[in-house]
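Engineer: Would you mind keeping the following structure in view while I ask a few things?
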Amino acid sequence: MREDLRQRLASSDRTLVADGATGTELQARGMPPGGCSELWCVERPDAVRDIAATYAAAGSDLVYTNSFGANRWRLAHYGLADRLTELNEAAARLAREGAGEEVYVIGSMGPSGDFLEPLGELSAAEVSAAYGQQAQALLAGGADALVLETFAALEEIEAAALGVRAVTDAPLLASLTYGSSLRTMMGVTPDQAAATLAAAGVDVLGLNCGDDIAVVEPILAAYAEAGRPLFAKPNAGLPQMVEGELTWPISPAEFAALAAGWATAGARIVGGCCGTGPAHIRALAAMVRGG
Ligand SMILES: [Zn+2]
C-alpha cells in the first residue's frame, strides 16, 4: 500500500516522477478549447480516467486530478458552482481508477482567477474557506495529497494553504510560476514564497509552468533554505506557433537530461506542465530509474 507521501519522501532517495500536462491530453481526446475542462469528469469520465492510466503506464509515481479550475469562482464562470463537490470527488475517483493503487493521486487546485483585497474583491478568509472546501471534496474522492499550483500572488496561495490546513493534515504541495526574472507575475521571489509557505504548513515546495526552463535550478537553490522537500514541474520551454499550432521546443530526451540537474539541485519530485506528455514522462521515469 502507499505510505504517506511525506514518509515516502523521507524514507527513500529515489526521485519520484509526477505526470505531464492534462489540458493537452484532454484536447487529444476530443475536448474543444474554451470549455470547462472539469466538466469532463462527469461528461467523459472514460477520457479522464484514461489520462491517469496513460501517465501511470508511462511511469508516473504521482498523477494530478483534473480539478485545476474546480474552485467556486472558476466554476461560477460556467454556471457550475453548485457542482463543486461532485466534480472534485469525481476527479479524484477517476484518477485513482485510472492510475491504480500504487500511484499517488494528488488533488490539483489552481488559482481563483481573481485578486485579494485591495487589488481585487476577495478576502483572505473567503479564499481560505474556498480551498478548504475544494480540498475536502478531493480527499473524499480518494486523493492522497493536495497541490496548490500555478499561483502568482503570495497572499492568495498563503490563504489557500492555511484554508487547507484548517480542514486536513493531508500532505500538501504548493507551487508558484516564475518568469525569467526569478519572480512571479506578481513580483514574488522564491525566498519569500518558501518562507511564507513553510510557515503556512506546506510540506513540499515547488514551481510549475513558466516559459523559461532555465529558472528551475536557481529557484530550487533559493527554496533549499526552507528545509522542505522540493519539486519541479515546468513547461517544455517557450511555445512557438508552428503551422497554426502551439508547439513546445524541448524534446523528451532533453527534458529528462535537464531534470537530472533538477534532482541534483534538490528536486525530490519531477514532472512536466504545458507541452509535456506521456513521452516526456517515460523519459523522466527512465532517468530516475537509471535507464
Ligand atoms: Zn503550464
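Engineer: How much accessible area per residue does the chain have, in Å², with a 1.4 Å probe?
Structural biologist: Numbers: 11570 Å² over 291 residues.
Accessible surface, normalised per residue, equals 40 Å².
Engineer: So for the chain, averaging the separation of alpha carbon pairs under 8 Å that are six or more residues apart and normalising by length, what relative contact order in percent results?
Structural biologist: Details: 643 pairs, mean separation 56.1, N = 291.
Here the relative contact order equals 19 percent.
Engineer: On a C-alpha basis, how far is the centre of region 204-243 from the centre of region 260-291 in Å? Whole number, if you could?
Structural biologist: 12 Å
Engineer: What ranking, highest mean first, results for peptides 65-75, 248-258 when packing means the other Cβ atoms within 10 Å averaged over each residue?
Structural biologist: Working: 65-75: 24.3, 248-258: 18.3.
With the highest mean Cβ count within 10 Å placed first, the list reads 65-75, 248-258.
Engineer: Rounded, prolate or oblate: which one fits region 1-135, using the alpha carbon gyration tensor with axes a ≥ b ≥ c (rounded when a/c is under 1.5, else prolate when a/b beats b/c, else oblate)? Working shown, then result.
Structural biologist: Numbers: a/c = 2.15, a/b = 1.32, b/c = 1.63.
Taking the square roots of the gyration eigenvalues as a ≥ b ≥ c, region 1-135 is oblate.
Engineer: Which of rounded, prolate, oblate describes the chain, given a ≥ b ≥ c as roots of the alpha-carbon gyration tensor eigenvalues and a/c under 1.5 marking rounded, otherwise prolate only if a/b is larger than b/c?
Structural biologist: Values: a/c = 1.24, a/b = 1.08, b/c = 1.14.
Note, shape of the chain comes out rounded.
Engineer: Let me ask something else about it. Extending each Cα 7 Å along its Cβ direction at ALA253 and ALA199, get the distance between those two points in nm, one decimal.
Structural biologist: Using points 7 Å along Cα→Cβ, the separation is 4.7 nm.
Engineer: Among residues other than SER180 whose Cβ falls under 15 Å from its Cβ, what is the net charge (Lys/Arg +1, Asp/Glu -1)? Could you put the intermediate results ahead of the total?
Structural biologist: On the way: positive: ARG183; negative: ASP211, ASP212, GLU217.
Overall, the nearby charge balance is -2.
Engineer: Select from GLY35, GLY20, SER67 the residue farthest towards the positive end of the dipole of region 17-97; place +1 on Cβ of Lys and Arg, -1 on Cβ of Asp and Glu, and compute about the Cα centre.
Structural biologist: In region 17-97, that residue is GLY35.
Engineer: At a 1.4 Å probe radius, carbon and sulfur cover how many percent of the accessible area of the chain? Before the final figure, lay out each step's value.
Structural biologist: On the way: 6140 of 11570 Å².
Solvent-exposed carbon and sulfur of the chain make up 53 percent of the total.
Engineer: Order of 89-96, 25-32 by packing, highest average Cβ count within 10 Å first?
Structural biologist: Values: 89-96: 26.2, 25-32: 14.9.
Ranked from most to least packed, the peptides come out as 89-96, 25-32.
Engineer: Please figure out what share of the DSSP beta bridges in the chain is antiparallel and state it in percent, rounded to the nearest 5. It would help to have the intermediate numbers written out before the result.
Structural biologist: Working: 3 of 29 bridges.
That works out to approximately 10 percent antiparallel.
Engineer: Would you check the accessible area of THR85, probe 1.4 Å, heavy atoms only, in square angstrom rounded to 10?
Structural biologist: Using a 1.4 Å probe on the heavy atoms, I get roughly 70 Å².
Engineer: Note down the magnitude of the dipole of the chain about its Cα centre, charges +1 on Lys and Arg C-beta and -1 on Asp and Glu C-beta and zero elsewhere, to the nearest 20 debye.
Structural biologist: Values: 19 positive and 35 negative charges, 108 e Å.
Dipole magnitude for the chain comes out near 520 debye.
Engineer: Among THR196, MET185, VAL48, whose Cα lies farthest out toward the positive end of the dipole of region 5-288, if unit charges sit on the beta carbon of Lys, Arg (+1) and Asp, Glu (-1)?
Structural biologist: The Cα lying farthest towards the positive end belongs to VAL48.
Engineer: What translational diffusion coefficient, to the nearest whole µm²/s, does region 182-291 have by Stokes-Einstein, given a Kirkwood radius computed over alpha-carbon pairs, a temperature of 10 °C and 1.306 mPa s viscosity?
Structural biologist: Numbers: Rh = 14.4 Å.
Translational diffusion coefficient: 110 µm²/s.
Engineer: Grab the Cα-Cα distance for ALA10 and ALA260, subtract it from 0.36 nm times how many residues apart they are, and report the gain in nm with one decimal. Present the calculation step by step, with values, prior to reporting the outcome.
Structural biologist: Numbers: separation 250, 0.36 × 250 = 90.00 nm, distance 1.94 nm.
88.1 nm is the gain from fully extending ALA10 to ALA260.
The values are calculated or read from the model by the stated rules, or taken from the named source; none is laboratory data. Since this is a predicted model, take the numbers as computed values, not measurements. Don't worry about glycine lacking a Cβ; one is built from the backbone with ideal geometry, like all the others, and counts go over all protein chains shown. Heads up: the accessible areas ignore ligands, DNA and RNA and are worked out on the full protein's heavy atoms, side chains in. Shrake-Rupley method; radii C 1.70, N 1.55, O 1.52, S 1.80 Å.
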